[in-house]
Each structure stands twice: as C-alpha cells, then as structure tokens.
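All remarks here apply to the structure that follows.
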Amino acid sequence: MNKRYKRIKETPMDRLSALPDCLIIHILSLLEVKQSAITALLSKRWQFLWTQSPRLIFSDKRFWLQPRSRLQPREVQDFVNRVNRTLVIYGQNDLDTFEVEFPYSKSYSPDLDVWVGFAVKNKAKQVSLLLNHFRDGEVDNMYTLPRTMFRSAHLNRLTLRGCVVAPLGTIEWPSLTELSIEDSKVEQHVMDKMLSGCPVLRCLVLIYCWGFDRLEVSSKGLYELRVSDPEDLYFTSPLLQISAPYLHTLSVTLYPKERKLCLENTPSLVRATLDFVIVDWEFNEELISNAKDLLYNIRHVKVVDLRYSYMQVLTSVAINDYQFPQSARTCLLVEVPLEESSIHVLVGLLESSPKLESLVIEGSHTYLPCACLDWKTDLDCDLLHLKSVVIKDFTGPDVVCEQMLMMAKILLNKAPTLEKMVFFHNKSFTSSSQPAVNESSFKIAQALLSYPRSSKAVILLK
C-alpha cells in the first residue's frame, strides 16, 4: 500500500471542521458570545465564523453568582468594553436574538443606547435587556429606553428588566407577540400605547412593575396575561382594573394590603391563577373581601389554580361559614398548608364545583395556625364528574399527613366516576431516606385499601 495513502487513511478525521459553515455558525449561535469567540483561535477558517452568529447573548456568571456589593467596578467595565468591541467587529447580519444582562448603573446609559440601536439596525427579532439594580423605585437611576427602541417592524419578542418605558411618540411593534417587563416603571399612558401599538401581541407579562392602574385589552389576539405585584408598590394605584374580553389565561399575584384587583369583562377566560403577596399575615376585612371578590369573578373559569398565600386567606374565610360561589370549573389546582384547616377549605371548594373533572392538591409544610372549633370534614354532595385526583408533596420520610389521607377518604367515597388517584412523595427527599419513604408508602397503601369507595379507581403511589 502506498505510504502516503496509508498516512492519510490513518489520520483521524476532524468531523467538526468538515461541517459546512452554515451548520458551524448555527452551533456557535447556541453559545454565549464569550464562549463562541474563543473558537477564533482554532484556525484561520474559524477566526470570524463566530461573528456571523444570528444570536448575540452577553452575560457573565460572576454577576449573578455573587452579591452586587461584592462586584468590582472594573469587572462590570470590562464586560461593557467586551460588548462594545464585539459589536464593532460583528458583521452586518439579520439578528435572531440580542440579549444582554449585567449590573446597570447610570454611567452606562450611552453604551446601552448604542447597543439598542445596533439591535434595531440589525433587525433583531428577540431583544432582552436584563438590567440588574437595587429595587429602590428611584427612576433617575434606571435606564430610559431610547426612541429607536419603540419603532421596530421585525421585533417579535421583547424582555425588559430595570428600565423606564417612556416613549415621546407612538409605539410601533407590528410583529411583537411576546412582551415581558420586570421591575420597571410603565405609566398608564405608556401602557395604553403599548397595548394599541402591538396588534398581534399574544403574551404580556408584567412583574414588579408600577405606574399604571388599568389594563384595558380590546385585542382579540392577547392570549395570556401575567401580573405580579412587588411587596412595595412604589407609586402604584390602590386599584388595578383588568378588562380583557378575549383573554384566555390570566395569572395574578396581588399585594392585597395595598391594592385591590377588579376583574371586568373577562367572558373568554379559561384558566386563572391567583396568589397573594403577604408579609405580615394581618387578616383584615379588606383582605378577606378581596379574596371573596376574586373567587366570585372567576366562577365561570374552567381551570382554576389557587396558590398558597391566597389559599391561606381563603381558609380564614371558609372557617367563618362562607358560602363559596357555585362555579363552572372542571379542573382545580390548589397549594395548601399541611394542617387540619386545609380540609375545611377544600370541602368548600369541592362543594361549589359540581362539574369538576380533575383535582390536583399540592402540600406545603409552612403554615399559619387558624383557630376553629368545628372543622367540616365531609362533603354534602357527590362529585359526579370527578375522574382524576393527584395529591403530591404531602409526605416525608418520618410523617404521613393525616389531613391528606382524610381528603383521599372523602374523595374515594364521594366520587362514583373516579378513575385514578395518584400520590407523590415530597420531592425534596433524597435517596438517602428511601427506607423511610418506603415505610411511609406502605402506611399510605394500607390506609387507602381500608377506605370504602364508590368507584373502581386505580390508586398509584409514586
């Protein structure tokens, strides 16, 4: 055999370099810029491939692995300089994604203006400006979006954190489908501009935002709305009004001590998630009234998800013989404390859900004691449509929650069409406690097999 041919044959093939440029560029686009730029050292061919990536993601683990107080100004400045150098040598490409996350201070405002202009000029479809700063409500220390950001025909997803959204003119985002704003000031007139300037918007997320008191959505396209209040509302109005006749999914985390939610005109709502931000647990009349009104306003919703803090307030309502409004819900998800009062509020919710088909109960080991002399521990009606029950995170290696077993006993007896009941152990326990977990499962199985049942439901322990 020819020695030259033999040497070529024995040389290992560099399969990565054998790939076409377009595929290598796609692989590099899955990396952050700092990682993809290192490949320039591989060879002359690789030297500028990373600059053709359609995704530019600038981040540094140091910025979110340690407190901001420990960061050195030089570290942040080096990051800003690296972004600036990258944009200088980057080719003129149509961008799919432009994302930057770093600890912001006012001195970097000119740099950010350049970055935003670059993203808009290169027709970025997804833009994320994640500016980390102390949440103190001082707008003067926050970044104000430049005018160029508010006119982009190519933008379809925008994520903002720590920004002031205050356009002087109109907002024109004709292709925007997803908008997420966190820890930012958005005044009412700006909110109105955004809702009118995004004709195809499908998902709007407002987390820890302030400055507005009304969300009036007339668009038929908006599918999902998520609103979360901070613990300190800054300049927010004590009333938040939401009117959205075509909205499908709504998630609200309300700070009920300072604000009341008013849901108006939501006939198309199919899924609703409710929670409260409560710090001091003062159950006053206003708080209780707020919880009642919300439950009444979503009585037509098919899928209802009630989170822990809201359920705590609802428990205090239930023990005072509150008549839960009759609802049309077919699926109910609840996060409840592992205490006897949970049975009381669950019974109330079930009795007001005659069409219920699916129930998910998630336990929580933190709780607030409630005083009640007479717990209601049985249903006054049968659950004729209930087919599926999931009960999870209510057991530990050394304890079986008797309240949840009591709930299972009620359901087995009152659900004649039940097909399946599934129990999940607490996910926080590791394999080191497996023998105790097995013993707990055995106790649960013994109890469940002894309960009378009105159906031939399959019971699974996981």
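Looking at the stretch 247-266, which of its residues are open to solvent by 10 Å² or more (accessible area, probe 1.4 Å) and at pLDDT 95 or above? HIS248, THR249, SER251, listed by residue number.
When each of LEU129, LEU176 is tested for being open to solvent by less than 10 Å² (accessible area, probe 1.4 Å), part of a loop (DSSP other than H, G, I, E, B), touching a Ser or Thr at 6+ places or on another chain (Cβ under 9 Å) and touching a residue at least 24 places away in the same chain (Cβ under 8 Å), the lone residue that passes is LEU176. Within the stretch 54-72, the set of residues being open to solvent by 40 Å² or more (accessible area, probe 1.4 Å) and either modelled with pLDDT of 80 or more or closer than 17 Å to LEU129 by Cβ (or both) comprises ARG55, TRP64. For the stretch 350-367, taking the residues that are open to solvent by 40 Å² or more (accessible area, probe 1.4 Å) and of a type outside the set (D, E, K, R), the one that is modelled with the highest pLDDT is identified as PRO354. Entry remark, the stretch 223-240: residues being outside any strand (DSSP E or B) and modelled with pLDDT of 95 or more number 1 in total. Please specify each residue of the stretch 91-119 satisfying the condition of being surrounded by fewer than 19 Cβ atoms within 10 Å (Cβ to Cβ) and either without any contact (Cβ under 8 Å) to a residue 24 or more places away in the chain or part of a loop (DSSP other than H, G, I, E, B) (or both). Within the stretch 91-119, GLY91, GLN92, ASN93, ASP94, ASP96, SER105, SER107, PRO110 qualify.
Pairs linking a residue in the stretch 180-205 that is on the phi < 0 side of the Ramachandran plot and assigned to a loop (DSSP other than H, G, I, E, B) to a residue that is open to solvent by 50 Å² or more (accessible area, probe 1.4 Å) and among the acidic types (Asp, Glu), with Cβ atoms under 8 Å and 6 or more positions apart or on different chains, are LEU201/GLU178; ARG202/GLU178; ARG202/GLU224. Here LEU274 fulfils each of the conditions (1) under 23 Å from CYS163 (Cβ atoms); (2) open to solvent by less than 10 Å² (accessible area, probe 1.4 Å); (3) modelled with pLDDT of 90 or more apart from (1). In the stretch 252-263, the residues that are assigned to a loop (DSSP other than H, G, I, E, B) reach residues that are of a type in the set (Phe, Trp, Tyr) and crowded, with 19+ Cβ neighbours inside 10 Å with C-beta atoms within less than 7 angstrom, at least six apart or across chains, in these pairs: PRO256/PHE276.
Checking LEU346, LEU294, LEU287, LEU332 one by one, the residue that is outside any strand (DSSP E or B), open to solvent by less than 30 Å² (accessible area, probe 1.4 Å), of a type in the set (A, V, I, L, M, F, W, C) and within 20 Å of MET404 (Cβ to Cβ) is LEU346 and no other.
The values are calculated or read from the model by the stated rules, or taken from the named source; none is laboratory data. These numbers come from a predicted model, not from an experiment. When we count neighbours, we look across all protein chains shown, and the Cβ atoms used for this are built from the backbone with ideal geometry, even at glycine. Side chains included, ligands, DNA and RNA excluded: accessible areas come from the protein's heavy atoms. Shrake-Rupley method; radii C 1.70, N 1.55, O 1.52, S 1.80 Å.
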